[in-house]
Amino acid sequence: MSCSVGTAAGSRDGVAAARHLARWLGLAATPTFAIMAAATALSGSGAADTLCATGHGSELGGMVPMYLLMSAFHSGAWLRLIAGGGGASL
């Protein structure tokens with residue numbers, strides 16, 4: 001069973017659009033997680049922070065460090081963009 005998506009040119013346009021969207025999402029992840037870390041830190045200790053804490057009294061437990069680590073792990077797209085390596089075609 002075969003599925004026809006369209007012409008070869010249409011298929012290439014779809015792949016290019018998907019890559020462009022993926023680049024934008026990669027750039028959006030870092031500031032989103034940084035904002036979430038700041039908002040969580042400013043809101044104080046909530047129920048979610050208590051549930052997700054790995055150790056009571058530990059500075060490495062909770063949501064804020066997790067969001068900061070996620071922001072750092074997703075910063076590759078920004079580093080490629082700054083270095084001029086084509087992290088995103090804006």
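The values are calculated or read from the model by the stated rules, or taken from the named source; none is laboratory data. Source: prediction; values computed, not measured. Using ideal geometry, Cβ is built from the backbone for each residue, glycine included, and neighbour counts are taken over all protein chains shown.
Output the residue which, of all residues in the stretch 23-53 that are β-branched (Val, Ile, Thr) and at pLDDT 90 or above, is surrounded by the fewest Cβ atoms within 10 Å (Cβ to Cβ).
Restricting attention to the stretch 23-53, the residues satisfying the condition of being β-branched (Val, Ile, Thr) are 30, 32, 35, 40, 50.
Applying the additional criterion that residues be at pLDDT 90 or above yields 30, 32, 35.
On the way: Thr30: 19, Thr32: 15, Ile35: 12.
Per the stated criteria, the residue is Ile35.
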Does Ala72 satisfy the criteria of being at pLDDT 85 or above and either out of contact with any Cys (no Cβ under 6 Å at 6 or more places or on another chain) or surrounded by 12 or more Cβ atoms within 10 Å (Cβ to Cβ) (or both)?
yes
Out of His56, His20, sole residue that is surrounded by 12 or more Cβ atoms within 10 Å (Cβ to Cβ) and at pLDDT below 90
His20
How do the pairs read when you match residues in the stretch 20-47 that are within 16 Å of Gly61 (Cα to Cα) and among the aliphatic types (A, V, I, L, M) with residues anywhere that are at pLDDT 90 or above and buried (at least 17 other Cβ atoms within 10 Å of the Cβ), using Cβ under 7 Å and keeping only pairs 6 or more apart or on different chains?
Met36/Tyr67; Ala37/Tyr67; Ala37/Leu68; Ala37/Ser71
